[in-house]
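Colleague: So that we are looking at the same thing, I have put the structure below in structure tokens.
The values are calculated or read from the model by the stated rules, or taken from the named source; none is laboratory data. Everything numeric in this text was worked out from a predicted model, so none of it was measured. FYI the Cβ positions are ideal-geometry reconstructions off the backbone, even for glycines, and counts take in every protein chain you see. We work out accessible area using only protein heavy atoms, side chains counted, and drop any ligands, DNA or RNA first. Shrake-Rupley method; radii C 1.70, N 1.55, O 1.52, S 1.80 Å.
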Amino acid sequence: MKVFISCDMEGVAGVVDWAQCRPDGGAAYERGCRLLLDEVNAAIRGAVRAGATDVVVNDSHGAMANLDPSAIVAPATYISGRHKPGYMMQGLDDSFDAVFFVGYHGSISGAPSVLSHTYNPEVISAVRLAGTEVGESGVNALVADACRVPIALVTGDDVTLAEAARVAPDHVGVQVKTSITRFSAHHLRPEDAHARIERGAAEAVERAGRLPDRLDVDDLSLEVDLQTADMAAVGAWVKGVERIGPRTVRVSGQTGEPGTGSRRGDRPDGRAVYDAFVALTYITRQAGGR
Ligand SMILES: [Zn+2]
């Protein structure tokens, strides 16, 4: 039983401010990292208790090196650092049995959720999958779909769990806080959050074999609204991305080129869509200026 954990930070109990999530936040960041570490370790413990033998933790927040490697509990191994081609899903392949999203947050376009964004808040204002607005859980689910691994556990606030249910309706959700605004929330005591995450992780591992390993949609391409028309123009330079409106692009990952495994007319491959989406987020950083 192999478990893949993608951990973000904004959805952790006790976190409400960017200072807790960024290295220049000083003592606040140190506390944020500790809270994140304890939630990740709770997920690992629960997974192991239910039979997981391998756990890989992919740090998916900011510069993606927020955990003290020596404090992550065994048997988990740790993927950290920037510019990973697989970004928030680096390391997932078809040898895994369950995906956990820990510390996840709401989308930029949805209901108020602590520190909400969808990849880059300077650039992306909404993402739709099969016509439904999704957050990072919905985008990252494309890779899980490509690997045929179910999303079994999601932790975060109330909004995050509701958004994740759009792509993984049968996941085990552990709500650790209720968002009041984008910068305020009512939190569980961290020790209670950890206990619930540990129980939820165990249940998720037990349930994983019965969960669907494919998204219930025919078209895996994404529609992405960007903040400005300039960003949409630059975004369309990416292979597999086309502009369909002044500020909107369609990310299909399909280029029509032979040998890409993603010819036009096929059900788009989730990995190809995700790769094109990641390239879109990288390239549009150069077309900012807000
Ligand atoms: Zn984050």
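Colleague: Output the residues belonging to region 5-19 that are crowded, with 24+ Cβ neighbours inside 10 Å, within 13 Å of the ligand (Cβ to nearest atom) and either within 26 Å of Val143 (Cα to Cα) or not aliphatic (A, V, I, L, M) (or both).
Modeller: If the condition is that a residue be crowded, with 24+ Cβ neighbours inside 10 Å, within 13 Å of the ligand (Cβ to nearest atom) and either within 26 Å of Val143 (Cα to Cα) or not aliphatic (A, V, I, L, M) (or both), then Ser6, Cys7, Asp8, Met9, Glu10, Gly11, Val12 are the ones that fit.
Colleague: Just to be sure before I move on: is Asp93 open to solvent by 10 Å² or more (accessible area, probe 1.4 Å) and closer than 28 Å to Val273 by Cβ in the structure I sent?
Modeller: Working: open to solvent by 10 Å² or more (accessible area, probe 1.4 Å): yes; closer than 28 Å to Val273 by Cβ: yes.
When the stated conditions are applied, Asp93 passes them.
Colleague: Follow-up. Hey, can you tell me all the residues within region 38-73 that are within 16 Å of the ligand (Cβ to nearest atom), crowded, with 19+ Cβ neighbours inside 10 Å and either in contact (Cβ under 8 Å) with a residue 24 or more places away in the chain or farther than 24 Å from His117 by Cα (or both)? It would help to see each step written out before you state the result.
Modeller: From region 38-73, those within 16 Å of the ligand (Cβ to nearest atom) are 39-40, 57-67; that's our starting set.
Filter once more, so that each one left must be crowded, with 19+ Cβ neighbours inside 10 Å: 39-40, 57-61, 64, 66-67.
Matches in region 38-73: Glu39, Val40, Val57, Asn58, Asp59, Ser60, His61, Asn66, Leu67.
Colleague: State whether one or more residues within region 68-77 are in contact with a Ser or Thr (Cβ under 6 Å, 6 or more places away or on another chain) and of a type outside the set (Asp, Glu). Show your work before the answer.
Modeller: Pass one, region 68-77, residues in contact with a Ser or Thr (Cβ under 6 Å, 6 or more places away or on another chain): none.
No, region 68-77 contains no residue that is in contact with a Ser or Thr (Cβ under 6 Å, 6 or more places away or on another chain) and of a type outside the set (Asp, Glu).
Colleague: In region 144-159, is there at least one residue being open to solvent by 40 Å² or more (accessible area, probe 1.4 Å) and over 21 Å from Asp54 (Cα atoms)? Show your work before the answer.
Modeller: Keep residues of region 144-159 that are open to solvent by 40 Å² or more (accessible area, probe 1.4 Å), which gives 148, 158.
Pick out the ones that are also over 21 Å from Asp54 (Cα atoms) and you get 158.
There is at least one residue in region 144-159 that is open to solvent by 40 Å² or more (accessible area, probe 1.4 Å) and over 21 Å from Asp54 (Cα atoms).
Colleague: Kindly indicate whether Gly110 is out of contact with any strand residue (DSSP E or B) (no Cβ under 6 Å at 6 or more places or on another chain), within 16 Å of the ligand (Cβ to nearest atom) and more than 30 Å from Thr132 (Cα to Cα).
Modeller: Details: out of contact with any strand residue (DSSP E or B) (no Cβ under 6 Å at 6 or more places or on another chain): yes; within 16 Å of the ligand (Cβ to nearest atom): yes; more than 30 Å from Thr132 (Cα to Cα): no.
Considered against the rule, which asks whether it is out of contact with any strand residue (DSSP E or B) (no Cβ under 6 Å at 6 or more places or on another chain), within 16 Å of the ligand (Cβ to nearest atom) and more than 30 Å from Thr132 (Cα to Cα), Gly110 comes out as no.
Colleague: If you don't mind, another one. Is it the case that region 33-45 has a residue that's assigned to a loop (DSSP other than H, G, I, E, B) and over 28 Å from Ile283 (Cβ atoms)?
Modeller: There is no residue in region 33-45 that is assigned to a loop (DSSP other than H, G, I, E, B) and over 28 Å from Ile283 (Cβ atoms).
Colleague: Determine which single condition Ala141 fails, assuming it passes every other condition in (1) modelled with pLDDT of 95 or more; (2) open to solvent by 10 Å² or more (accessible area, probe 1.4 Å).
Modeller: (2)
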